[in-house]
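Enquirer: Okay, handing you the structure first.
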Amino acid sequence: MCGIIGYIGARQATPILIGGLRKLEYRGYDSAGVSVFDPSGGPMSRVVRCRGKLSALEEKLQKEPAPGTVGMGHTRWATHGRPSDENSHPHKAGPISVIHNGIIENHLALRAELAAAGAKFSSETDTEIFAHLVEHALLAGAPDLTVAVRRSLAKVRGSFAFVVMSDKEPGTLVAAKNSSPLVVGLGDGENYVASDVTAILSETRRVIFIDEGEMVTVTRSGVQITDFDGKPHVREAKTITWSAVQAEKGGFKHYMLKEIHEQPRAVADTLVGRVNLESDDVVLDGVDLDVAKIKRIIFIACGTSYHASMVGEFMVESLARIPVEVDLASEFRYRDPILGPGDLVVAVSQSGETLDTMEAIREAKKKGAQVLAISNVVESSIPRLSDHAFYTHAGPEIGVASTKAFTTQLVGIALLAIYLGRRTQKLSKERARQLLAELVQLPVKMRDVVESGAQLQALARRYGHAHGFLFLGRGSQYPIALEGALKLKEISYIHAEGYAAGEMKHGPIALIDEHLPVIVLAPRGPHYEKVVSNLAEVRARQGKVLAVATKGDNEIGGHADDVILVPDTALELQPILTVLPLQMLSYYVADFKGTDIDQPRNLAKSVTVE
């Protein structure tokens, strides 16, 4: 996701900004830029920005230097507007420069209002709108930049971290946070602002983490924190004791654990701008499907993305009533599939570079099918190869074993299912409203689960000596059983199998004894009684049962040795919650065994060979 850094002091800003952005490259981006003010160089700040990597920006800065002691820099991951020089940050309106992480949800209404007032736009982004809002606030009589930003914040809805600079007030940076990270760094006669402590750790270790609904005015001499209404907030600085590598991990022991904890934020980012509660519908940027012509949907994917697609089969058939098939991309083209213009192929890939999936797309297009890509990497090969594409917003996933990419894929597919259901008229407005309301609540419920690490650590120590695990689930929980088994074997090297619970008596029951832990997904729903019967079959053979169930279920404890509870949600969305304890259990078992969690043997993050 996007990266932010700002500096104000006596040194040259540009090298500090570039150095900070370099530390943020791991977050992923498709363009970069800086805005720097030189008090001795004229009345206007210099903005230098371009599409591509930081190396491209550095080359441009060689030709167009940006001297000065006050400035801000940004790496952008495209949301509104394609990756381009014009859409790169910082954005400028008159004397105002703005960088921004997040999304302004009411950007269309604000753009129309500003255009009617005479504003001229030079980009497709929602961010430029905020620069115009601040400029208009100053023209309307705001006494300083801080007040202008505060008045502008009152008009925007969404998740954001803004940093604003004015050529007419060059000794000040103003920043604000709502659901997007922001930290201030304190120096000696100089101060910093950033989206991640990693960006400023080489410059200072004294920081203040900005909380939700706060804004901060940063000068060379100090910082002032208030809420959005102007009420002062006082907070002591903290001293960071992490190493640079630990800082990138946010203080977590491994990237995988950090990414597990990032899932509520990643899901919230994936939902932003796509849920329209006023019309009980979904807005999918990059998707313009003639749904009436779709007779069949085929999901193609590999590994974890394949399991997400299997959940998608249940979602789409339930909500849109369109027939769905799910194929392993690595097998798809070798069986000479029957495809035609009435088929929509949905290609799911975290990296957007999976070669098996790319070849399957080429086969599908050759046979006349439309292709929709769901990916986490902007401008990657699979979206560019497809007819339509939309992106999850997990941000970069460093750990090889996928976690936040999986849950954001599930959310993306849920949005697609609702989108299709509304257009096939098989999903009522009332049911869509309920599902969308549940989707919006998911980040809070996910946070409740990922913060229950102590219980999972204890269970990992209890079961970590086992030589094998069996995972069972019914309906849409069956793919979650497969995903749980995959996670465990990927990072702990313990053999694990996932099975449809009804299939247990058709073979795997022969393995069950007192030494085999059986993890059973048993949330409340239409399959609950059948799953409880499966638990009884395991217990009758002395198997150890760990059940994942719904909060408030007072019955399940009598059928299992251990129980992990997750919040209740809509049936279609349950897999997004039930997978979380399986990810965490796999992590803690692997940590207990001492394996290389972030880079497990023989595995690669992006599989670009067949």
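The values are calculated or read from the model by the stated rules, or taken from the named source; none is laboratory data. This structure is a prediction, so every number in the text was calculated from the model and none was measured. In this analysis, Cβ positions are derived from the backbone assuming ideal geometry, glycine residues included, and neighbour counts consider all displayed protein chains.
Enquirer: Considering only residues that are assigned to a loop (DSSP other than H, G, I, E, B) and either out of contact with any strand residue (DSSP E or B) (no Cβ under 8 Å at 6 or more places or on another chain) or at pLDDT below 90 (or both), which ones fall in segment 143-169?
Expert: Scanning segment 143-169 gives Pro143, Asp144, Ala154, Lys155, Lys168, Glu169.
Enquirer: Kindly indicate which of Lys258, Lys177 is among the basic types (Lys, Arg), assigned to a helix (DSSP H, G or I), touching a Phe, Trp or Tyr at 6+ places or on another chain (Cβ under 8 Å) and at pLDDT 90 or above.
Expert: Lys258 is the lone residue from the list that is among the basic types (Lys, Arg), assigned to a helix (DSSP H, G or I), touching a Phe, Trp or Tyr at 6+ places or on another chain (Cβ under 8 Å) and at pLDDT 90 or above.
Enquirer: Test Lys92 against the criterion of being free of Cβ contacts under 8 Å to residues at least 24 places away in the same chain, basic (Lys, Arg) and not in a loop (DSSP other than H, G, I, E, B), and give yes or no.
Expert: Considered against the rule, which asks whether it is free of Cβ contacts under 8 Å to residues at least 24 places away in the same chain, basic (Lys, Arg) and not in a loop (DSSP other than H, G, I, E, B), Lys92 comes out as no.
Enquirer: Return the pair list, or none, for Cβ contacts closer than 6 Å from residues in segment 471-495 that are under 16 Å from Tyr587 (Cα atoms) to residues that are in a helix (DSSP H, G or I) and among the basic types (Lys, Arg), at least 6 apart or on different chains.
Expert: Ser492/Lys593
Enquirer: List the number of the failed condition for Val346; all other conditions in (1) touching a residue at least 60 places away in the same chain (Cβ under 8 Å); (2) buried (at least 19 other Cβ atoms within 10 Å of the Cβ); (3) more than 24 Å from Leu415 (Cβ to Cβ) hold.
Expert: (3)
Enquirer: When you scan segment 304-315, how many residues do you find that are surrounded by fewer than 24 Cβ atoms within 10 Å (Cβ to Cβ) and more than 19 Å from the chain's Cα centre (by Cα)?
Expert: 3
Enquirer: Please verify whether Ser195 is in contact with a Pro (Cβ under 9 Å, 6 or more places away or on another chain) and among the hydroxyl-bearing types (Ser, Thr, Tyr), treating the condition exactly as stated. Let's see the steps before the verdict.
Expert: Values: in contact with a Pro (Cβ under 9 Å, 6 or more places away or on another chain): yes; among the hydroxyl-bearing types (Ser, Thr, Tyr): yes.
The answer is yes for Ser195.
Enquirer: Restricting to segment 433-472, and then to whatever is under 27 Å from the mean Cα position of the chain (by Cα) and not in a helix (DSSP H, G or I), can you tell me which residue is surrounded by the fewest Cβ atoms within 10 Å (Cβ to Cβ)?
Expert: Glu451
Enquirer: Here's something else I'd like to know. Of the conditions (1) at pLDDT below 90; (2) buried (at least 16 other Cβ atoms within 10 Å of the Cβ), Gly251 clears all except one; give me its number.
Expert: (2)
Enquirer: While we're on this one: Among the numbered conditions (1) under 23 Å from the mean Cα position of the chain (by Cα); (2) over 28 Å from Gly273 (Cα atoms), tell me where Pro39 comes up short.
Expert: (1)
Enquirer: A further question on this structure: Going through segment 393-426 one residue at a time, which ones are hydroxyl-bearing (Ser, Thr, Tyr) and either part of a helix (DSSP H, G or I) or surrounded by fewer than 24 Cβ atoms within 10 Å (Cβ to Cβ) (or both)? Can you show your working first?
Expert: Start the filter on segment 393-426 by keeping residues that are hydroxyl-bearing (Ser, Thr, Tyr), which leaves 402-403, 407-408, 419, 424.
If the condition is that a residue be hydroxyl-bearing (Ser, Thr, Tyr) and either part of a helix (DSSP H, G or I) or surrounded by fewer than 24 Cβ atoms within 10 Å (Cβ to Cβ) (or both), then Thr407, Thr408, Tyr419, Thr424 are the ones that fit.
Enquirer: Arg601 is checked against (1) crowded, with 17+ Cβ neighbours inside 10 Å; (2) more than 24 Å from the chain's Cα centre (by Cα); (3) not assigned by TED's automatic domain parsing to the domain that holds Tyr478 and fails just one. What number does that condition carry?
Expert: (1)
Enquirer: Take the residues in segment 100-127 that are assigned to a strand (DSSP E or B) and in contact (Cβ under 8 Å) with a residue 60 or more places away in the chain, then tell me which one is surrounded by the fewest Cβ atoms within 10 Å (Cβ to Cβ).
Expert: Among those that are assigned to a strand (DSSP E or B) and in contact (Cβ under 8 Å) with a residue 60 or more places away in the chain, it is Ile103.
Enquirer: Would you confirm whether or not segment 473-488 contains a residue that is in contact with a strand residue (DSSP E or B) (Cβ under 8 Å, 6 or more places away or on another chain), buried (at least 18 other Cβ atoms within 10 Å of the Cβ), part of a loop (DSSP other than H, G, I, E, B) and basic (Lys, Arg)?
Expert: Going residue by residue through segment 473-488, those that are in contact with a strand residue (DSSP E or B) (Cβ under 8 Å, 6 or more places away or on another chain) are 473-474, 477-486, 488.
With buried (at least 18 other Cβ atoms within 10 Å of the Cβ) added as a condition, the list becomes 473-474, 477-486, 488.
When the remaining residues are screened for being part of a loop (DSSP other than H, G, I, E, B), the result is 474.
Subsequent filtering for residues that are basic (Lys, Arg) retains 474.
Yes; the residues of segment 473-488 include at least one that is in contact with a strand residue (DSSP E or B) (Cβ under 8 Å, 6 or more places away or on another chain), buried (at least 18 other Cβ atoms within 10 Å of the Cβ), part of a loop (DSSP other than H, G, I, E, B) and basic (Lys, Arg).
Enquirer: Return the residue satisfying two criteria in turn: it lies in segment 183-216 and is at pLDDT below 90 and in contact with a Ser or Thr (Cβ under 9 Å, 6 or more places away or on another chain), and of such residues it is surrounded by the most Cβ atoms within 10 Å (Cβ to Cβ).
Expert: If we take residues in segment 183-216 being at pLDDT below 90 and in contact with a Ser or Thr (Cβ under 9 Å, 6 or more places away or on another chain), then Ser195 is surrounded by the most Cβ atoms within 10 Å (Cβ to Cβ).
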